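Structure first, commentary second.
The values are calculated or read from the model by the stated rules, or taken from the named source; none is laboratory data. What you see is a predicted model, and the numbers here were worked out from it, not measured in a lab. Ideal geometry is used to build each Cβ from the backbone, glycine not excepted, and the neighbour counts take in all protein chains shown. These accessible areas exclude ligands, DNA and RNA; they are computed on the full protein's heavy atoms, side chains included. Shrake-Rupley method; radii C 1.70, N 1.55, O 1.52, S 1.80 Å.
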Amino acid sequence: MKMNQIYLKSFSQLQDTIALNKENISSIDLFENLLKWGNSLVNSKNRLIKNLYTDNFLYFKKINILDYTFEPIWYNLDDILESNIFKTRQLKLKTLVEEVRDILWELVVFKSNRECKIFSNSYMRVFTDESKENIFLCCDICDYMEDMKGNQVVNNKVLIPATSNQIKINQIIPSLDW
């Protein structure tokens, strides 16, 4: 069996496990299961598969899941399960990896009710720098970024999702546009 097929099969098994526990699965459970699957790619002896891990899942190592509430207030968990987990039947590992990365992103990166100044129908996600001193809002579509005062920011640093505590302190309201 090709290496790609092994990972595709293990994802299919994960889908089955999630389906069996659908009524009891929480956002954090889903996040942990998907991240565990993604992290399994690092064990591959295939350089291309390891690169998929590095390009798509290494980022999440910077995240301490205890800093996040994983409350489905800016997304609908049932929709994610139905549309993104159960209907995903990819023949290409690269496509599947990117879809899993996007689901992880949706679960952990808070989406505010602040609209992008470039794409007015896009709501901005909330990030912080590694020191967790500053808050930035960034558009998913165009990467426009601003600070909490609404001033445009050009960023050269790696940002991580703002923590639940930062969101609470800054009284950031979630997007209710699911």
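Some notes on this structure:
- Residues satisfying the stated conditions in region 122-164, i.e. polar (S, T, N, Q), part of a loop (DSSP other than H, G, I, E, B) and open to solvent by less than 40 Å² (accessible area, probe 1.4 Å): Ser122, Thr163
- You will find that of Ile118, Ile80, the residue that is open to solvent by less than 60 Å² (accessible area, probe 1.4 Å), farther than 26 Å from Ile169 by Cβ and at pLDDT 90 or above is Ile80 and no other.
- Candidates Lys62, Lys45 - the one that is modelled with pLDDT under 95, closer than 18 Å to Val109 by Cβ and basic (Lys, Arg): Lys62
- Test: residue in region 43-54 that is within 20 Å of Asn170 (Cβ to Cβ), open to solvent by 60 Å² or more (accessible area, probe 1.4 Å) and aliphatic (A, V, I, L, M): no
- Within region 11-21, considering residues that are closer than 9 Å to Ile85 by Cβ and touching a residue at least 24 places away in the same chain (Cβ under 8 Å), the one most open to solvent (accessible area, probe 1.4 Å): Ala19
- Residue count for region 98-115, restricted to those that are within 8 Å of the chain's Cα centre (by Cα) and open to solvent by 70 Å² or more (accessible area, probe 1.4 Å): 3.
- Among residues of region 74-85 that are under 14 Å from Trp105 (Cβ atoms), those with a Cβ under 9 angstrom from a residue that is of a type in the set (Asp, Glu) and open to solvent by less than 70 Å² (accessible area, probe 1.4 Å), sequence gap 6+ or separate chain, pair up as Trp74/Glu106; Tyr75/Glu106; Ile80/Glu106; Asn84/Glu99; Asn84/Glu106.
Yes/no per residue for (1) in contact (Cβ under 8 Å) with a residue 40 or more places away in the chain; (2) of a type in the set (Asp, Glu):
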| position | (1), (2) |
| --- | --- |
| Ile49 | yes, no |
| Leu58 | no, no |
| Asp102 | no, yes |
| Glu146 | no, yes |
| Val153 | no, no |
